[in-house]
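The structure appears below as structure tokens.
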Protein chains: 2
Amino acid sequence: MATRTDAPTRREQILKEAARLFAERGFHGVGVDEIGAAVGISGPGLYRHFPGKDAMLAELLVGISDSLLTGAKRRLAEADGVRDSGAVLDSLIEGHIDFALDDRPLITLHDRELDRLRDADRKMVRQLQRQYVELWVGVLREVYPALAEPAARSAVHSVFGLLNSTPHLGRPGSLPGRAVTASLLHRMARGAFAAVGEAR
Amino acid sequence: MATRTDAPTRREQILKEAARLFAERGFHGVGVDEIGAAVGISGPGLYRHFPGKDAMLAELLVGISDSLLTGAKRRLAEADGVRDSGAVLDSLIEGHIDFALDDRPLITLHDRELDRLRDADRKMVRQLQRQYVELWVGVLREVYPALAEPAARSAVHSVFGLLNSTPHLGRPGSLPGRAVTASLLHRMARGAFAAVGEAR
DNA sequence: CAGGGCGGTTAGCGGTCGTTAACCTGAAGG
DNA sequence: CCTTCAGGTTAACGACCGCTAACCGCCCTG
């Protein structure tokens, strides 16, 4: 896998700034002129790169969902043959935490602006999200075989809520350090799963 | 305490519908005409009840924060003299879950549209939220005295993320039953706290 | 029975937004 | 050296939105 070192393209600049602005003020709260200004061009210049404002949001949301799912599939494949399903769950949690800590604006958008998409795009995003959830549910039920499927699905959604709380944890500077925060989130996620998976 | 049985006032109807619409499509995504139509009057008629669209959002957000804080204070007072701080924590969790299950649109608004408020209102909401968090942090550290304050605060925010995930758990009909869901969320919250509060 | 105000109505104004049109410029290619 | 084209620019259009103005009918009260 080639790690990118080249400069970001204009398209990528635009997407990054649009994500930040959408997360800060909401899709309808940001004008195209602002997005343009954020990358040093002005309003209508954006239309050389995207057919419209909607398309930027669509590409962001599809990209997020796709990247989450792809990462999870890769982690699952890497653990193929490994018997320890608990380790696989840990790997999924770790991947989601990395994403939540490194791409906070995207995490914010992901569950906030989905309804602003055109039907086709929204269906695609929802399908990717559903696959991602089902993948987690499968692993979770290997770790806790007594857990019924509906409960497992609810538990997964709730743990996503927990992990996606990073935007509320204060600005990156005020965090006690990335590794510490990641460890805290990881332990809480495992604890939450254990509480619902074990005993009764 | 007098339980309300009388019909809701027009003001209350408006606030309820506005909350639903804001949660569904975002503050900027909803027009005053739509809000009016939702209560059977048309657009400008709303201005007989509110000075402007912003005021509706402000009243909703201040109301949410105030009601959460007030409820928590009450629960704390009721448990005064009780030595079992774990039971107090359970009571806080229960109250938050009731709110998250019964007022899902409000829970959605609460962490989504705060930045659309005028400075004065936003400061007030943030202050109420902070008091609510600190109240939880205090109780949590009684249950787990070894827990440092910054970690406790992060843990509380994360558990709020978990409990506030109810809007993602499917429509009210598809839930496995309110009591079951509430119990699941409660156990997960306690499990998450325990994982970060106990040992290492 | 007069009258006043509560709670509506419709028309319309001013501003903003997404998008298109028309034009420009600098660099690459034959 | 001329052409082409990617990637910009500004001007402007049409739609929409929040809000105000002006008007109106019903009910309560003295």
- Looking at this structure, is B:Leu128 touching a helix residue (DSSP H, G or I) at 6+ places or on another chain (Cβ under 9 Å) and more than 10 Å from chain A (Cβ to nearest Cβ)? yes
- For the range A:14-26, the count of residues that are charged (D, E, K, R) and within 9 Å of chain B (Cβ to nearest Cβ) equals 2
- Output yes when any residue across the range A:96-104 is of a type outside the set (Asp, Glu), over 25 Å from A:Arg25 (Cβ atoms), over 16 Å from the mean Cα position of the chain (by Cα) and within 14 Å of another protein chain (Cβ to nearest Cβ), and no when none is. no
- Item | Selected residue (criterion: farthest from A:Ser165 (Cα to Cα)) from residues of the range B:158-173 that are part of a helix (DSSP H, G or I) and facing chain A (nearest Cβ under 8 Å) | B:His168
- Note on the structure: Exception for A:Val82 within (1) more than 16 Å from DNA strand C (Cβ to nearest atom); (2) not in a loop (DSSP other than H, G, I, E, B) falls at (2)
- Out of curiosity, is B:Leu147 aliphatic (A, V, I, L, M) and either within 21 Å of B:Arg187 (Cβ to Cβ) or part of a loop (DSSP other than H, G, I, E, B) (or both)? yes
- Message: If I filter the range B:135-144 for residues that are under 30 Å from B:Arg25 (Cβ atoms) and within 15 Å of the chain's Cα centre (by Cα), do I get at least one hit?
- Response: no
- Query: Looking at the range A:19-35, which of its residues are assigned to a helix (DSSP H, G or I) and more than 14 Å from DNA strand D (Cβ to nearest atom)?
  - Reply: A:Ala19, A:Arg20, A:Leu21, A:Phe22, A:Ala23, A:Glu24, A:Arg25
- Note on the structure: Only one of (1) under 26 Å from B:Leu15 (Cα atoms); (2) of a type outside the set (Gly, Ala, Ser); (3) part of a helix (DSSP H, G or I) does not apply to B:Arg112, and that is (3)
- Residue check, A:Pro176 assigned to a loop (DSSP other than H, G, I, E, B) and either within 13 Å of another protein chain (Cβ to nearest Cβ) or farther than 29 Å from B:Arg153 by Cα (or both): yes
- Item | One residue from A:Arg178, A:Arg187, A:Arg171 being surrounded by 15 or more Cβ atoms within 10 Å (Cβ to Cβ), among the basic types (Lys, Arg) and more than 18 Å from A:Gly71 (Cα to Cα) | A:Arg187
- Selection over the range A:52-91 where residues are among the basic types (Lys, Arg) and at pLDDT below 95 yields a count of 1
- Here the residues within the range B:36-94 that are away from DNA strand D (no atom under 16 Å from the Cβ), among the acidic types (Asp, Glu) and in contact with a Leu (Cβ under 7 Å, 6 or more places away or on another chain) are B:Asp66
- Query: Take the residues of the range B:27-64 that are within 14 Å of chain A (Cβ to nearest Cβ) and touching a Phe, Trp or Tyr at 6+ places or on another chain (Cβ under 7 Å): which is nearest to DNA strand C (Cβ to nearest atom)?
  - Reply: B:Val30
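The values are calculated or read from the model by the stated rules, or taken from the named source; none is laboratory data. As the structure is a prediction and not an experimental result, all values here were calculated from the model. Every residue, glycine among them, receives a Cβ derived from its backbone with ideal geometry; neighbour counts consider all protein chains shown.
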